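Following: one structure in structure tokens, then a few remarks.
Computed from the coordinates by the stated procedures, all read-outs in this text should not be read as laboratory data. Because the structure is predicted, anything quoted here is derived from the model rather than measured. All Cβ positions, even for glycine, are placed from backbone atoms using ideal geometry, and neighbour counts span all protein chains on display.
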Amino acid sequence: MTSASAAIPQPGRTKAFLRLVMIEHSVFALPFAYIASLTAMYQWDRNVHWGRLLLVTVCMVGLRTFAMAVNRIIDREIDARNPRTAHRELVTGAMSVKHAWTGALIALAVFLGAAALLNPLCLALAPVAVIPMVVYPYGKRFTNFPQAILGLAQAMGPVGGWLAVSGSWSWEAVILGLAVGVWIGGFDLIYACQDVETDREIGVMSVPARFGVPAAIWGARVCHAVTTALFVWYALATGAGAFFWLGLLIVAGAFLYEHTIVRPHDLSRVNRAFFSVNGFIGIALFGCALLDLLVRGLTV
């Protein structure tokens, strides 16, 4: 009886793993995979294919869960030396490395299985999406620009969402993917500013640690200006309507707000900018994009 009960995953471990991978942060990239998928469906036959949309969701959440778990595993010694991250589950012992790897590999299997169910091209390209997810946590050990690797990893979402529907390459999806990658890389520059002193002390490489906080903030501003331009390009490339353009105005306003509350000498509201504003950006643009597609004839 004892061995049988020990083989059953404990609820506490599951909760600890979900906290470890911050599952709620799927809100950042998932809306853009939906935008790509729904736009591809609109161009294909103007019908929402719920089965494919569900598989896209499974792929996105599975891959992100794998990436976050691997990130935490690889960075656990660095996290232990940083007061901001010393409470993380692999540092405190709330989650063992063995169980974190188990969760990561299950998430990877789920991702690959969903990709296989979508189409052969998605399965064939799945390893391409996995590689930057594993390389990223090592980035801070060999480059001052690990956010570039993160941006590349995040750019895969919209491209994969489009491929899931069409089964063929799309430059429109690449434009949207680049926008998402530059956006997330930009706000990660802001987030990294919190750790500048610790990073310098323990040898972690980053833009703020190498070039200073003001340079990182200005880099984030440039990234978000480029993001806005790429969103405009995507809107023009896909013939977007009025509601999508309204969404872009909302996004531009959110970027302006984000950069008024985070300044080089005032990082007190970084968490509001990172979690609240950026979460709002994804949801707001998705809502406007969906409404735009429905008005233009997408059938639910």
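Worth pointing out:
- The dipole here belongs to the chain: it is taken about the Cα centre, uses +1 on the Cβ of Lys and Arg and -1 on the Cβ of Asp and Glu, and is about 380 debye.
- Segments 271-280, 173-182 sorted - mean Cβ within 10 Å per residue, highest first: 173-182, 271-280
- Residue exposure sequence - 152, 189 - by fewest surrounding Cβ within 10 Å: 152, 189
- Helices meeting the span-like rule in the chain (full DSSP H runs, Cα extent of at least 24 Å along the helix axis, mean Kyte-Doolittle score of -0.5 or higher): 50-74, 97-118, 120-139, 146-166, 171-192, 213-237, 242-261, 278-295.
- For the range 26-295, the residue among 50, 37, 90 whose Cα projects farthest onto the positive side of the dipole built from Cβ charges is 90.
- Counting other Cβ atoms within 10 Å as a rough exposure proxy, the listed residues 56, 207, 48, 300 run 300, 48, 207, 56 from fewest neighbours to most.
- Think of it as helices only: each DSSP H run of n ≥ 4 in the chain is worth -39500 (n - 2.57), and spread over all residues that comes to -24500 deg cm²/dmol at 222 nm.
- When the chain is described by a simple charge dipole with +1 on each Lys and Arg Cβ and -1 on each Asp and Glu Cβ, the residue from 105, 115, 235 located farthest towards its positive end is 105.
- Checking every one of the chymotrypsin sites (Phe, Trp or Tyr not before Pro) in the range 141-195 against DSSP loop status and a limit of 15 other Cβ atoms within 10 Å picks out 142, 169.
- Residues 206, 37, 168, 26 in ascending order of nearby Cβ atoms (within 10 Å, fewest first): 168, 26, 206, 37.
- Förster radius 22 Å - calculated FRET efficiency between residue 222 and residue 256 (Cβ-Cβ, nearest 0.05): 0.95
- FRET efficiency estimate (nearest 0.05) - Cβ-Cβ, residue 128 to residue 77, R0 41 angstrom: 0.90
- Computed over the chain, relative contact order equals 21 percent, with contacts defined as Cα pairs under 8 Å that lie 6+ residues apart.
- Full extension of the chain between residue 19 and residue 299 gives 97.1 nm of extra length, using 0.36 nm per residue less the Cα-Cα distance.
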